[in-house]
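Visitor: Encoded as structure tokens, here's the structure I'll be asking about.
The values are calculated or read from the model by the stated rules, or taken from the named source; none is laboratory data. This one's a predicted model, so the numbers in the text were calculated from it and none came from an experiment. Glycine also receives a Cβ, built like all others from the backbone with ideal geometry; neighbour counts cover every protein chain displayed. What goes into the accessible areas is simple: the full protein's heavy atoms, side chains included, and nothing from ligands, DNA or RNA. Shrake-Rupley method; radii C 1.70, N 1.55, O 1.52, S 1.80 Å.
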Amino acid sequence: MKKISSLLFLLLSITLFSQKNKASKMGQTTLDELQMIVYDKDSTATAVVLYEHANLYMDKYHNYETRTDYYYRIKIFDKTSFDLANSTINLFKEQRVIDIKATTYNLTERGTINQNHLLEKDIFTTKEEKDWTVKKFTLPNLKEGSVIEIKYSLLSPYSNISNWYFQSDIPKIASEYDASIIGNYSYNLKLTGFLKLDKEKQSIDKNCINIGGSSKSGDCLVYSFGMYAIPAFKEEDHMLSKQNYISHIAFDLKSYTNTKGFKEKYSTTWKQADKSLKEFFFNNQTSKKSFFKNKLPAYILTNKNTLKRAKAVYTFIQQHYAWNEKNWSNEDVKVKPAFYNKSGNVGEINLSLYNSLRAAKIDASLTVLSTRDRRVPTKLFPVIFDYNYVVIKAHIDGKDYYLDATNKFLPFGQLPIRTLNGEARIINPKSESTWEVLKPQFKSSKNTTATLKLSNDGRIKGSLVLSKHGYYASTQRSLISLKKEAVYLEDFENENPEITIEKYEIIDKDKLDTPLKENFTINIAMDDNSNKIMRINPIFFNRITENPFKLKERKYPVDFAFSRKNYYYLNLEIPPNYKIVKLPENRVISLPNNGGRFIIRAEKKGNTISVYLRLNIAKSHYSVAEYYALKDFYTQIINLESGYIILEKN
């Protein structure tokens, strides 16, 4: 997505006084900081930010560009945090960095402070991508107990302001942010996260700028924010992007007023934002219906059944393209070259799908969203740069279908998991756009059926049937497509070392809208079958051995992306010379608010043992208040799945 272009200042001479003096100075490391051996508020911390500060203002000595002075001072307790001494500064196009200074402080045997300074020759510049340059350096002489100090200034001709993160994966003692913004710029400010600001000041700096050669002057809006004693942000499984929860402040440009009083609005109403999306962000690639009409096979266009025609269009585009793993970007998006190359990003593939559906006379709309690795788009005010993905909504016979042709293994109507991230914005061609929560079209479940027989010599043989539905099926189809069958089966045996596969077949591999079925003939080796007493854990496959929820306190919700059900059926035939002494415990446990249920049931009929398991995660989203119940739910499942069948050999 294109960055907001630089806005030219018409000021001939600007004088900014006090803001530059707020920048933090080097040399603040103290003896007490070097003697610190643990952070008292988090004894597990391997490092702690002692102080960090950013100071933003207009720099008259550098062509009135936006200047941000950064300062960091960090205490290193353990070598596992030595990577904090590796600094990377990303620069977009005309951005540049100046005045890089860095020092490592260590305590000598005599109790004095030793300093090692970063040398100019140890600062490296690399070109990572077309528009990005990276400055890299590593602080010298790092040890456990070191304090590192880093300072640099970033100059930018652009009006966008980088987010400031008060929180990170290590704790911080103090984090402060100052900004002086000329009054002709207007920003929407958004504080994200569960922590509150300890310092929040706003003031007007009167006459902060002067226009050379005249008596005119302007004001600046001055912000000063701070947080103190900030805990580390700890990520855990089953969560949306940490950008939704980690404490930070964001500035989104709302408008700019030039010296003649003309105001240019960037985001004021959703109506204006929708217009920008339609006219600018799709790069004029939504009117290629004629091109794709000539490319679609005739049998598709002549199909009189609307749903079948739409499915045929979807399959044609899905199989024609190879996704290049890049999301939507309006920069250089060209559907025609992409079609001939048979490769493209999300925008090129799904805009091709949009044009093709319209060519086939299917009612289609563009739908923009933010993927799960990014923050959920705000609805408080329009921020068009929140969006990095586009899918298609098709309205057929009174029903809506959401389509994404980037994945060759998703059936018609099923979106990739990466798109399930809050509400999406449907860009209606002739009316006001609307919001819609995207949900899976197909339910996801795994069925495991094992029919096994224990022989007199203690060996277990039989059949295994794995059936997968929904996302489990598409993920498995993708995995199988990447490997030769022999490699796939070898990997299966490596993941289940007690199993040997004698025979294998796969059913409905290419029928995307049906379950995927795999049939195995297997042998299972027991650890020790020479003793009179045999212990068998009946959960041979997909047993849960580790709780995904480990935090004592989790301040952000649990998000599974989609609900799911797992079934496990075992029939184990026991020879007559074995006596069944004990079976696993029968239990039913449930989550509150109908959030889920786990059932385990074991019984014997004659010489056959039957074990049945069902795990139902009934919701995709669980609140913070439900976390402890969910954590305990998994703890109980692990304990119940650890039960044994105990047999005694006569």
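Visitor: What Kirkwood radius, in Å to one decimal, follows from the Cα pairs of region 113-180?
Guide: The Cα-based Kirkwood calculation yields 15.7 Å.
Visitor: In addition: Give the distance, in whole Å, between the Cα centre of region 287-303 and the Cα centre of region 367-410.
Guide: So the two Cα centres are separated by 24 Å.
Visitor: Okay, moving on. What FRET efficiency comes out for the pair Asn523/Asp632, r = Cβ-Cβ distance, R0 = 45 Å, nearest 0.05?
Guide: After rounding, the FRET efficiency stands at 0.75.
Visitor: With a cut-off of 8 Å between alpha carbons and a minimum separation of six or more residues, what is the relative contact order of region 118-189 in percent?
Guide: Relative contact order, region 118-189: 16 percent.
Visitor: A further question on this structure: With label points built 7 Å along Cα→Cβ from the Cα atoms of Ser43 and Thr514, find their separation and express it in nm.
Guide: 6.1 nm
Visitor: When only DSSP loop residues count, what GluC sites (Glu not before Pro) in region 409-445 have their Cβ near at most 16 other Cβ atoms within 10 Å?
Guide: Passing sites in region 409-445 are Glu432.
Visitor: Which trypsin sites (Lys or Arg not before Pro) from region 426-466 combine a DSSP loop assignment with at most 11 other Cβ atoms within 10 Å?
Guide: Listed in order of number, the matching sites are Lys430.
Visitor: How much FRET efficiency would the formula 1/(1 + (r/R0)^6) give for Ala625 and Gln28, where r is the Cβ-Cβ distance and R0 is 60 Å, rounded to 0.05?
Guide: Efficiency for this residue pair is about 0.90.
Visitor: Find which of Ser467, Asn355, Asn294 sits farthest along the positive direction of the dipole of the chain, computed with +1 on the beta-carbon of Lys and Arg, -1 on that of Asp and Glu, about the Cα centre.
Guide: So the residue we want is Asn294.
Visitor: Rounded to the nearest 20 Debye, what is the dipole magnitude of region 109-204 about its Cα centre when Lys and Arg each give +1 and Asp and Glu each give -1 at the C-beta?
Guide: 100 debye
Visitor: Describe numerically, in nm with one decimal, the distance between label points set 7 Å from Cα along Cα→Cβ at Leu191 and at Met36.
Guide: Once both label points are built, they end up 2.4 nm from each other.
Visitor: Now, a different point. Once you charge only the Cβ atoms, +1 for Lys and Arg and -1 for Asp and Glu, what is the size of the charge dipole of the chain about its Cα centre, to the nearest 20 debye?
Guide: Dipole magnitude for the chain comes out near 2320 debye.
Visitor: Loop-only check: which GluC sites (Glu not before Pro) in region 559-616 are DSSP coil with at most 14 other Cβ within 10 angstrom?
Guide: Glu585
Visitor: In degrees, nearest 10, range 0 to 90: what is the angle between the Cα axis of helix 306-320 and the longest Cα principal axis of the chain?
Guide: 70 degrees
Visitor: Any idea what angle helix 471-481 forms with the longest principal axis of the chain, computed on alpha-carbon atoms, 0 to 90 degrees, nearest 10?
Guide: Around 90 degrees separate the two axes.
Visitor: Please compute the length gained on full extension between Asp99 and Ile480, using 0.36 nm multiplied by the number of residues separating them and subtracting their Cα-Cα distance.
Guide: This chain segment gains 131.9 nm when fully extended.
Visitor: Another one. Over all directions, how big on average is the projection of the convex hull of the alpha-carbon atoms in region 427-526, in square nanometres?
Guide: 8.9 nm²
Visitor: At 37 °C and 0.692 mPa s, what whole-number value in µm²/s does Stokes-Einstein give for the translational diffusion of region 372-421, with Rh from the Kirkwood sum over Cα pairs?
Guide: 260 µm²/s
Visitor: I've got another one for you. Using every alpha carbon pair in region 470-598, what percent of pairs falls into each 5 Å bin from 0 up to the bin containing the largest distance?
Guide: For region 470-598, the binned pair fractions read 2, 6, 12, 17, 16, 15, 14, 11, 6, 2, 0, 0 percent.
Visitor: Now for a different question. Taking only C-alpha pairs under 8 Å that are 6+ residues apart, what is the relative contact order of the chain in percent?
Guide: Once divided by the residue count of the chain, the mean separation gives 9 percent.
Visitor: Would you check the accessible area of Lys408, probe 1.4 Å, heavy atoms only, in square angstrom rounded to 10?
Guide: Number for this one is 70 Å².
Visitor: Output the peptides 575-583, 345-353 sorted from most to least packed, where packing is the average of other Cβ atoms within 10 Å over each peptide's residues.
Guide: Per-residue Cβ counts within 10 Å, averaged per peptide and sorted highest first, yield 345-353, 575-583.
Visitor: Would you work out the charge dipole size for region 292-344 about its Cα centre, treating the Cβ of every Lys and Arg as +1 and the Cβ of every Asp and Glu as -1, and quote it to the nearest 20 debye?
Guide: Magnitude of the dipole: close to 380 debye.
Visitor: Could you tell me, in Å, what Rg and Dmax come out for the Cα atoms of region 500-565?
Guide: 19.2, 51
Visitor: For the pair Asn90/Asp169, report the inter-label distance in nm, with labels modelled 7 Å from Cα in the Cβ direction.
Guide: Output for this residue pair reads 1.5 nm.
Visitor: Hey, another quick one. For a test of the definition: using alpha carbon positions, the gyration tensor, and the 1.5 limit on a/c, classify region 272-314 as rounded, prolate or oblate.
Guide: prolate
Visitor: Starting from 0.36 nm per residue, how many nanometres of slack lie between Tyr569 and Asn207 once their C-alpha separation is accounted for?
Guide: Between Tyr569 and Asn207, full extension yields an extra 122.6 nm.
Visitor: Using only DSSP helix segments of four residues or longer, with each worth -39500 (n - 2.57), what per-residue ellipticity at 222 nm results for the chain after dividing by its residue count and rounding to 500?
Guide: Only helices count here, giving -4000 deg cm²/dmol.
Visitor: Give the ranking of Ile123, Ile317, Ile533 by solvent-accessible surface, highest area first, calculated with a 1.4 Å probe.
Guide: Ile533, Ile123, Ile317
Visitor: Just the accessible area for Thr448, please: 1.4 Å probe, Å², rounded to the nearest 10?
Guide: Roll a 1.4 Å probe over it and Thr448 shows about 10 Å².
Visitor: Moving on. Compute the relative contact order of region 542-650 as a whole-number percentage, counting only Cα pairs closer than 8 Å that sit 6 or more residues apart in sequence.
Guide: Relative contact order for region 542-650 comes out at 40 percent.
Visitor: Between Glu109 and Ser287, what length comes free when the chain is fully extended (0.36 nm per residue of separation minus the Cα-Cα distance, one decimal in nm)?
Guide: Length gained, Glu109 through Ser287: 56.8 nm.
Visitor: Oh, and also: Taking a 21 Å limit on the Cα-Cα distance, which of the listed pairs Lys265/Lys379; Lys22/Lys199; Lys304/Lys517; Lys304/Lys399; Lys172/Lys242 fall beyond it?
Guide: Over 21 Å Cα-Cα: Lys304/Lys517.
Visitor: Three principal axis extents, largest first, for the C-alpha atoms of region 156-200, in Å?
Guide: Largest to smallest, the principal-axis extents are 36, 21, 16 Å.
Visitor: Among Asn116, Leu50, Leu277, which residue has its Cα furthest toward the positive end of the charge dipole of the chain, with +1 on Lys/Arg Cβ and -1 on Asp/Glu Cβ?
Guide: Of the candidates, Leu277 comes out farthest on the positive side.
Visitor: Still on this structure: Mind giving me the FRET efficiency for Ile507 and Asn537? R0 is 45 Å, r the Cβ-Cβ distance, nearest 0.05 is fine.
Guide: My answer for the efficiency is 0.95.
Visitor: Taking every Cα atom in region 567-650, find the radius of gyration and the maximum pairwise distance Dmax, and write them in Å.
Guide: 16.0, 53
Visitor: Given just the C-alpha atoms of region 362-463, how large is their convex hull per residue in cubic angstrom?
Guide: Each residue corresponds to 161 Å³ of Cα convex hull volume.
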